[in-house]
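What follows is a set of notes on a single structure, which appears directly below.
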Amino acid sequence: KYPKGFIEGKINPEDQQKDPLILKLVRVDPPTLVLVNKEELTVITNLVKQPLFEYLKGNIDRKYSVVYKDYQNEKVEETEIADQKAFTVWFNFQDPEKEYREKMKTSVIVKDNDAYYLSCMAPVEEWSQAEKACDLIKDNFQFSDSPAKP
């Protein structure tokens, strides 16, 4: 379930290589991007020596601080989504391809041997409006028994 004004975006085949993109939602006003990615965890759970959630939290910091040199982690919160243990991370960064700072909220849900990343991104100055829509999507997130669309 998502608010009016969002449309399903096209998922490019190259976005399916490493961590498959399951859903892409785009809204023009305020500009908002929502992505749902899936990461298979079998190898990670066999290799990491720390609790899985701590590893995944640190992995968000590692991933985005490499891509965006001025990445700023704002907060992390434990939560539950779709009856599964989860956590949410808020952070901001300057995307070199844009003239404004972006704010991103990523919720990570672990189910079976997979991590699902529900990410919402918008310009910092538009965040208060965008976050309301993002919360509606997050609060209505459910797992389906049917296979995900490619």
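The values are calculated or read from the model by the stated rules, or taken from the named source; none is laboratory data. What you are looking at is a predicted structure, and each value in this text was computed from that prediction instead of being measured. Using ideal geometry, Cβ is built from the backbone for each residue, glycine included, and neighbour counts are taken over all protein chains shown. The area values use the complete protein model at the heavy-atom level, side chains included, leaving out ligands, DNA and RNA. Shrake-Rupley method; radii C 1.70, N 1.55, O 1.52, S 1.80 Å.
Data table
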item: Pick from the stretch 43-69, criterion in a loop (DSSP other than H, G, I, E, B) and either basic (Lys, Arg) or open to solvent by 50 Å² or more (accessible area, probe 1.4 Å) (or both), ranking: nearest to Ala86 (Cα to Cα); result: Pro51
item: Boolean, Glu40 is touching a residue at least 24 places away in the same chain (Cβ under 8 Å), in contact with a strand residue (DSSP E or B) (Cβ under 8 Å, 6 or more places away or on another chain) and open to solvent by 60 Å² or more (accessible area, probe 1.4 Å); result: yes
item: Close pairs (9 angstrom Cβ cut-off, 6 or more residues apart or separate chains): surrounded by 12 or more Cβ atoms within 10 Å (Cβ to Cβ) in the stretch 12-32, at pLDDT 90 or above and part of a loop (DSSP other than H, G, I, E, B) anywhere; result: Leu23/Gly9; Lys24/Gly9; Leu25/Gly9; Val26/Gly9; Arg27/Gly5; Thr32/Gly5
item: Residue among Leu23, Leu33 that alone is closer than 21 Å to Ile137 by Cα and either part of a loop (DSSP other than H, G, I, E, B) or touching a Cys at 6+ places or on another chain (Cβ under 8 Å) (or both); result: Leu33
item: Total residues in the stretch 70-81, condition among the acidic types (Asp, Glu) and either open to solvent by less than 40 Å² (accessible area, probe 1.4 Å) or within 16 Å of Gln142 (Cα to Cα) (or both); result: 1
item: Meets criteria (touching a helix residue (DSSP H, G or I) at 6+ places or on another chain (Cβ under 7 Å) and either of a type in the set (Phe, Trp, Tyr) or free of Cβ contacts under 8 Å to residues at least 40 places away in the same chain (or both)) for Asn92; result: yes
